[in-house]
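Trainee: Let me begin by handing over the structure; questions about it come next.
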Amino acid sequence: MIAENRKKHIWAVAELMKKYGQERNMSKEDCEDLFMLGLLHDVGYEFAEPENYILHNKIGGGYFEKTGLQVVERSLFSRIGKFSIS
């Protein structure tokens, strides 16, 4: 189960990512992809033991690799990654 404060954080990051794209006049599809990346950014917490939370990014990446979702992630980043955050 995802803690309420984590849900709020994940949702806030997703909304900020979408707003980032909108403010830069990115396409609707790119803004939706940014939103999805925001939702997925902390997925590793769901698979990490509390003593390993610091490794949540690596654990989440490992999950994507095992499930084949790295293809989706790389596709999103290859399209979105051309934009820098400034």
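Trainee: How high is the FRET efficiency between residue 25 and residue 58 when r is their beta carbon distance and R₀ equals 30 Å, given to the nearest 0.05? Numbers along the way, then the final one.
Mentor: Details: r = 34 Å, r/R0 = 1.13.
With R0 = 30 Å, the Cβ-Cβ based efficiency is 0.30.
Trainee: Apply the Karplus curve 6.51 cos²θ - 1.76 cosθ + 1.60, θ = phi - 60°, to the phi angles in the range 14-19 and return the couplings in whole Hz, x for Gly and Pro.
Mentor: Per-residue couplings from phi come out as 4, 5, 5, 4, 4, 4 Hz.
Trainee: Excluding residues on the same chain fewer than 8 positions from residue 18, give the aspartates and glutamates whose Cα lies under 18 Å from its Cα.
Mentor: 29, 30, 32, 33, 42, 73
Trainee: Cut-off under 23 Å on the C-alpha distance; same-chain residues fewer than 8 positions from residue 19 excluded. Which lysines are left, in chain and number order?
Mentor: Reachable lysines: 7, 8, 28, 82.
Trainee: What is the gain in length, in nm to one decimal, between residue 2 and residue 49 on full extension, counting 0.36 nm per residue of separation less the C-alpha to C-alpha distance?
Mentor: Values: separation 47, 0.36 × 47 = 16.92 nm, distance 1.33 nm.
Stretched fully, the residue 2-residue 49 segment lengthens by 15.6 nm.
Read-outs: derived from the displayed coordinates by stated rules, not from any lab. Note that the structure is a prediction, hence the values are computed from the model and not measured. No Cβ is skipped: glycine too gets one built from the backbone with ideal geometry, and neighbour counts run over all protein chains shown.
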